[in-house]
Amino acid sequence: MKHLVKARTAGLALFVLIVVILSACSSSNNNKTNEAANGGHAQTSTEEPAATDSGKKLPRVAFVYIGPPGDGGWTFEHDNGRKYMEEKLGIKADTVENVPESADAERVITELAQNHDIIFTTSFGYMDPTLNVAKKFPKVIFMHTAGYKTADNMGTYFGKNYEASYLSGIAAGKMTKSNVIGYVGAFPIPEVIYNINAFALGIQSVNPDAKVDVVWSNTWYDPTAERQAAISLLDKGADVLLAYQDSPATLQAAAERGALAGGNDSDMTRYAPEAYLTNPTWNWGPYYTKVVQSVIDGTWKSEQYSGDMVDGMVGLAPLGPSIPDDVKKLVEDAKGKILSGELNVFSGPITDASGASKLEAGQIMSLEDILEMNWFVKGVAGTIPQ
């Protein structure tokens, strides 16, 4: 709150002329807030949107985050994407971080919808809350990450990160000595399951004797829980780990035991360079820029977008400094085949963990079937809670 008091004196007499008290909620740079997790409200700019040089109004943009941008992974990369979009288009977006995948999400999205033109909701669990709010605000555009429900004013976007998971598997399969490779999964949803399977298929392409042991953390961002899950795998003899969460906790736990590991979403080399394997990464900026530009141009249409390694939405972090050149070459060769279309990660023959055939030789699994995957491939140990 700011209190402005103006007083004026003349000669020996003291005159108080005016006392003005103004109350206003101050906003930080980029109009950001992180109050949602504590029951707060989305504090956003009420100013009219600026215009481009051609006179077109710049849309008011907001992002809803599951965690903090400082997580080093998922939210960190979405926030990098936001910054890229802002720089390219001259827009300052609002962000709300630490929003649980609960009724809080619908409340926050509803508040944002009252004074924004486009809202990006960046976690799978925001799907139904986003759809519910989209129905109430038909003039607002909503874009949801990783979901499958759409509306006339709501689209979805994600990427084939399983391509990079497969490449990570090649590195893991060549580097393991115990042939026990651990995977710390976040939640037993298709997004995580198909990445585990792609990782296992990459391992099997170079080391059919290696097995993947899966432990669920049931978290997106809880370094303590993720660390404990990683330790449980290391205790079973795993000497290489991969994780599908937002923190570097698995990598750090592996480093303490002299094991190798990769994280998820972002290049995590800085957290434990000598223990770093590699992992899938995201590059959201160009897509965010494209979507917001389409809103500016009036050409936006609801879509279900799936990016990949070819368009650059999905990437692979550089292999760690302890990974030998011959392994790096194997990974690069496979990456080249994915980019050229010669290699499809989910091509037959593929059998599930029970030995049942899921895909015959010569067949390629449809994207729809991949996105609904609820089974493990052969060579993966662990259960999928129903």
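No lab work stands behind these numbers, since they all come straight from the coordinates. Every value quoted in this text rests on a predicted model; they were computed, and no experiment measured them. Positions of Cβ are generated from backbone atoms using ideal geometry, with glycine treated the same way; all protein chains shown enter the neighbour counts.
For a quick check: sort ASP152, ASP71 by the number of other beta carbons within 10 angstrom, fewest at the front. Numbers along the way, then the final one.
Working: ASP152 11, ASP71 24.
Exposure proxy ranking, most exposed first: ASP152, ASP71.
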Seminar exercise, completed: Counting sequence-distant residues (5 or more places) and residues on other chains, those with an amide H built under 5 Å from that of LEU359 are ILE350
Exercise. How do the peptides 313-324, 291-302, 361-372, 156-167 rank, highest first, by the average count of neighbouring beta carbon atoms within 10 Å per residue?
Worked result: 156-167, 313-324, 291-302, 361-372
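Net charge around LEU359, counting only other residues with Cβ within less than 13 Å of its Cβ (Lys, Arg = +1; Asp, Glu = -1)? Can you show the working numbers first?
Values: positive: LYS358, LYS378; negative: ASP352, GLU360, ASP369.
It works out to a net charge of -1.
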Problem set entry | Within the chain, percent of DSSP bridges classed antiparallel, to nearest 5 | 30 percent
For this session: Using packing as a proxy for protection, rank 373-384, 261-272, 181-192 so that the peptide with the highest average count of other Cβ atoms within 10 Å comes first.
Result: 261-272, 181-192, 373-384
Exercise. Any idea how far apart SER354 and ALA381 come out in nm if each label point goes 7 Å out from Cα toward Cβ?
Worked result: 2.0 nm
For this session: Write down Rg/Rh for region 97-161, rounded to two decimals, with Rg from the C-alpha atoms and Rh from the Kirkwood relation over Cα pairs.
Result: 0.93
For this session: May I ask for log10 I(q)/I(0) of the chain at q = 0.09 Å⁻¹, from a Debye sum over the Cα atoms as equal point scatterers with solvent left out?
Result: -0.56
For this session: At 0.36 nm per residue, minus the direct Cα-Cα distance, what do GLU372 and SER232 gain on full extension? Give it in nm, one decimal, please.
Result: 47.6 nm
Problem set entry | Cβ-based net charge around ALA249, under 9 Å, with every Lys or Arg adding one and every Asp or Glu removing one | -1
Seminar exercise, completed: For region 233-386, the count of lysine pairs 8 or more apart or interchain whose alpha-carbon atoms are under 16 Å apart comes to 4
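What does DSSP give for region 49-122 in terms of the percent of beta bridges that are antiparallel, rounded to the nearest 5? Show your work: numbers first, answer last.
Numbers: 1 of 8 bridges.
If we restrict to bridges inside region 49-122, about 10 percent are antiparallel.
Please give the length that would be gained between GLN363 and LYS329 if that part of the chain were fully extended, namely 0.36 nm times their separation in residues minus their C-alpha to C-alpha distance (nm, one decimal).
On the way: separation 34, 0.36 × 34 = 12.24 nm, distance 2.74 nm.
Computed gain between GLN363 and LYS329 is 9.5 nm.
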For this session: Fewest Cβ neighbours within 10 Å first, please rank THR130, THR224 accordingly.
Result: THR224, THR130
Exercise. Could you give the distance between the Cα centres of region 108-151 and region 58-96, to the whole Å?
Worked result: 15 Å
Problem set entry | Linear extension gain, SER340 paired with TYR148, 0.36 nm per residue minus alpha-carbon span | 66.4 nm
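Once you list every other residue whose beta carbon is under 11 Å from the beta carbon of ASP239, what net charge do they have if Lys and Arg are +1 and Asp and Glu are -1? Could you put the intermediate results ahead of the total?
Numbers: positive: LYS177, LYS236, ARG257; negative: none.
The answer is +3.
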Problem set entry | Approximate spin-label separation ILE189-THR299, in nm, with each point projected 7 Å along Cα-to-Cβ | 3.1 nm
